[in-house]
Amino acid sequence: MFGGTFAPIHNGHLRLAIELGERLGLARVHVVPCGRPSHRSAPEVPARRRLHWARLACAGEPRLLVDDREMRRDGPSYTYDSLAELRAELGAGTPLLLLLGDDAANGFHTWHRWREIATLAHLVFVERPYEPPAPAAELAAFLRGRRAGAPQALQRQSAGLWLAVSIPQLAISSTRIRRLLAAGRSIRGLVPEAVIADLTTEDIRLLTHEEDPIAE
Ligand code: ATP
């Protein structure tokens, strides 16, 4: 499972899902746009638009499955709930992995039922530019003794291990994209062409609302 706000989805997200899918031999990567974030303010742009862009971005990548479960549930979107559903669908014996960029990992100890998340799935931490890994002390203590010796170990048990993975880094964030859009600048090369082509004036207005135009 790879979750995010995806406001909008960008090539950093896409490469993470593709690279890890290939490297770890994953049958599927569920790309799960967050319905209503619980630990940050909700994006102005509607959930159905973020979902649509995720579908456009992942089209033609057979391993990537855009999963709208967090948009179908009411209330705040908790990763725990999504993983519990996936676990029930997969059964107890199938490995399930949660893919997290380092910024998400650094705040992971504040997530709803985070310890239980780590028993429902393996945790895979992915390097992210400008976000050195800095796990909170309680997360570091929890992770001690649970490191997967090799990626193959994640296939031998269904949950409970963690692994850090480096992939070629792309210094792209949705924030930077929104700030470029706010400045009327191009986002070509950062966001899939199909998503760029789909952006309406109203989408750009909502994405850039309260965003400072980039100054660089
Ligand atoms: P924002 O700038 O609005 O915070 P974002 O670019 O961080 O957005 P999210 O939707 O919040 O995107 O991120 C979803 C997941 O993707 C997180 O686990 C995050 O760490 C990871 N991620 C986002 N961009 C990258 C990137 N360039 N490289 C690696 N991981 C990334």
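The values are calculated or read from the model by the stated rules, or taken from the named source; none is laboratory data. Not measured: the values here are computed from a predicted model. Here the Cβ is made from the backbone with ideal geometry for all residues, glycine too, and neighbour counts use every protein chain on show.
Structure notes:
- Of everything in region 97-110 that is buried (at least 18 other Cβ atoms within 10 Å of the Cβ) and not small (Gly, Ala, Ser), the residue that is farthest from the ligand (Cβ to nearest atom) is Leu97.
- Residues in region 128-151 that are under 19 Å from Gly25 (Cα atoms) and buried (at least 17 other Cβ atoms within 10 Å of the Cβ): Ala148 alone.
- Among the residues listed as Ile204, Ile214, the single one being at pLDDT 95 or above, over 25 Å from Leu24 (Cβ atoms) and within 16 Å of the ligand (Cβ to nearest atom): Ile204
- Residue that is nearest to the ligand (Cβ to nearest atom) [pool: residues in region 57-76 that are under 16 Å from the mean Cα position of the chain (by Cα) and not acidic (Asp, Glu)]: Ala57
- Answer residue from region 27-46, given it is surrounded by 21 or more Cβ atoms within 10 Å (Cβ to Cβ) and out of contact with any Ser or Thr (no Cβ under 9 Å at 6 or more places or on another chain) and is modelled with the lowest pLDDT among those: Val45
- All of Arg63, Arg72 fail the test of being surrounded by fewer than 22 Cβ atoms within 10 Å (Cβ to Cβ), in contact with a helix residue (DSSP H, G or I) (Cβ under 6 Å, 6 or more places away or on another chain) and of a type in the set (D, E, K, R), apart from Arg63.
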